[in-house]
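Read through the structure below, which is laid out as structure tokens, and then see the notes.
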Amino acid sequence: MPKSILIHEAGGPEKMQLHEVAVGDPGPGQVRIRHGAIGLNYIDVYTRSGLYPTPLPNAVGREGAGTIVAVGPRVKGFRKGDRVAYCGSVGAYCEERVMGTEQLVKVPAGVSDEQAAAIMLKGMTVEYLIDRCAKPWLKKGDTILFHAAAGGVGLLFGQWAKARGYKTIGTTSSPEKAALARKNGFKWVIDYTKDDVVAKVKEITKGRGVPVVFDGVGKDTWEASLNCLQSRGLMISFGNASGPVAPQPPAILGAKGSLYLTRPSLAAYTATRKDLDASARSLFKMISTRKVRISIDQRYPLAAAAQAHRDLESRKTTGQTVIIP
Ligand SMILES: NC(=O)c1ccc[n+]([C@@H]2O[C@H](COP(=O)([O-])OP(=O)(O)OC[C@H]3O[C@@H](n4cnc5c(N)ncnc54)[C@H](OP(=O)(O)O)[C@@H]3O)[C@@H](O)[C@H]2O)c1
């Protein structure tokens, strides 16, 4: 029987246990997929820990790539043998699964299962953050700020932003991570565990501040992020790697210069088939034109998913991580 990581209650990495699970045949509109690779994302930590409540026990993992091995009735556009990838649907930490086709996209030749599993969720996140969410605030040549530059989203973000003509300041926690961020498109890197981020950003931007901050770190960077913004700038708070931001009074945005705040999610930006296809097309185009290069920095067997979470949470990983079933 295929193996699957299940959790019976939210908590630490040790709650994730490998079980044999009967997968069954696909129903109407569904396919059965054999995973070639599964993506590791920080959101997997939030669902495992209970920060984002999720129905148990198939609660962890939202991204995978593999091959369709069976097709249910009334499926349109997908066939047995197609190589597909998806992100969104929970329960990805498994060898095989049955799921609907709403979130599936076909993986182009030349992109491996590992690459697709590594970048669907993070790459489409970068697409909507730069090309849709922040776009009205930006013009070519602008300087922007992104936290956790050497992370999975970070290394894709640096390359994508550079390709679009923006100059990006990144933050990281070590010289090794800073070097990696620079290699991936960041023009300046600040060590936010040592340096004063606001002072450095003001120095780089000659006192102006930045029009947009991309903050996936949350609690620890919230205050500095707001203080790095120009008047009427946009704060994009898109994650909580250091913990969730405490509730804030709206007046704080007025006091800091009529700022704008958004808390976006990939799900909302890829909710329709049209948006999902456009986002995936844009991502695969960035890869085929080599504007964005993917390197797999860590691989873990499915049975070692708990270790993958420990390493991600203790800031040991960089860039893209895949789990191999
Ligand atoms: N809203 C959305 O649509 C969306 C979609 C995808 C991802 N996200 C968010 O984007 C962020 C990045 O995701 P990712 O999967 O690519 O993760 P990641 O960046 O690979 O890992 C998180 C990074 O955050 C930094 N960090 C700062 N303080 C931390 C702390 N106290 N504990 C752990 N890490 C800390 C670490 O980098 P340093 O060591 O350099 O500080 C760490 O490597 C996450 O917050 C995620 O939830 C949001």
Identify, by number, the condition in (1) touching a Gly at 6+ places or on another chain (Cβ under 7 Å); (2) farther than 21 Å from Gln320 by Cα that Asp44 doesn't meet. (2)
So for region 266-282 (the condition being more than 14 Å from the ligand (Cβ to nearest atom), more than 18 Å from the chain's Cα centre (by Cα) and assigned to a helix (DSSP H, G or I)), does at least one residue qualify? yes
Quick check: is even one residue across region 280-290 buried (at least 17 other Cβ atoms within 10 Å of the Cβ) and touching a Ser or Thr at 6+ places or on another chain (Cβ under 9 Å)? yes
Of the numbered conditions (1) of a type outside the set (A, V, I, L, M, F, W, C); (2) within 11 Å of the ligand (Cβ to nearest atom); (3) at pLDDT 95 or above, Gly88 fails exactly one; give the number of that condition. (3)
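Being surrounded by fewer than 22 Cβ atoms within 10 Å (Cβ to Cβ), out of contact with any Phe, Trp or Tyr (no Cβ under 8 Å at 6 or more places or on another chain) and touching a residue at least 40 places away in the same chain (Cβ under 8 Å) is true for just one of Gly110, Gly165. Which residue is that?
Numbers: Gly165 fails: touching a residue at least 40 places away in the same chain (Cβ under 8 Å).
Result: Gly110 is the single residue among Gly110, Gly165 that is surrounded by fewer than 22 Cβ atoms within 10 Å (Cβ to Cβ), out of contact with any Phe, Trp or Tyr (no Cβ under 8 Å at 6 or more places or on another chain) and touching a residue at least 40 places away in the same chain (Cβ under 8 Å).
Residue under question is Val292, and the condition is that it be touching a residue at least 60 places away in the same chain (Cβ under 8 Å), within 17 Å of Leu121 (Cα to Cα) and in a loop (DSSP other than H, G, I, E, B); does it hold? Reasoning before the result, please.
Working: touching a residue at least 60 places away in the same chain (Cβ under 8 Å): yes; within 17 Å of Leu121 (Cα to Cα): yes; in a loop (DSSP other than H, G, I, E, B): yes.
Considered against the rule, which asks whether it is touching a residue at least 60 places away in the same chain (Cβ under 8 Å), within 17 Å of Leu121 (Cα to Cα) and in a loop (DSSP other than H, G, I, E, B), Val292 comes out as yes.
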Residue list for region 235-256, restricted to those being touching a Phe, Trp or Tyr at 6+ places or on another chain (Cβ under 9 Å), away from the ligand (no atom under 16 Å from the Cβ) and not aliphatic (A, V, I, L, M): Gln248
Please find, among Thr47, Thr125, Thr54, the residue that is crowded, with 24+ Cβ neighbours inside 10 Å and hydroxyl-bearing (Ser, Thr, Tyr). Thr125
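Residues to consider are Ala303, Ala308; find the one that is of a type outside the set (Ser, Thr, Tyr), at pLDDT 95 or above and away from the ligand (no atom under 16 Å from the Cβ).
Values: Ala308 fails: away from the ligand (no atom under 16 Å from the Cβ).
Result of the check over Ala303, Ala308: Ala303.
The values are calculated or read from the model by the stated rules, or taken from the named source; none is laboratory data. Everything numeric here is computed off the predicted structure, so don't read it as measured data. Every residue, glycine as well, gets a Cβ built from its backbone with ideal geometry; the counts of neighbours run over all protein chains shown.
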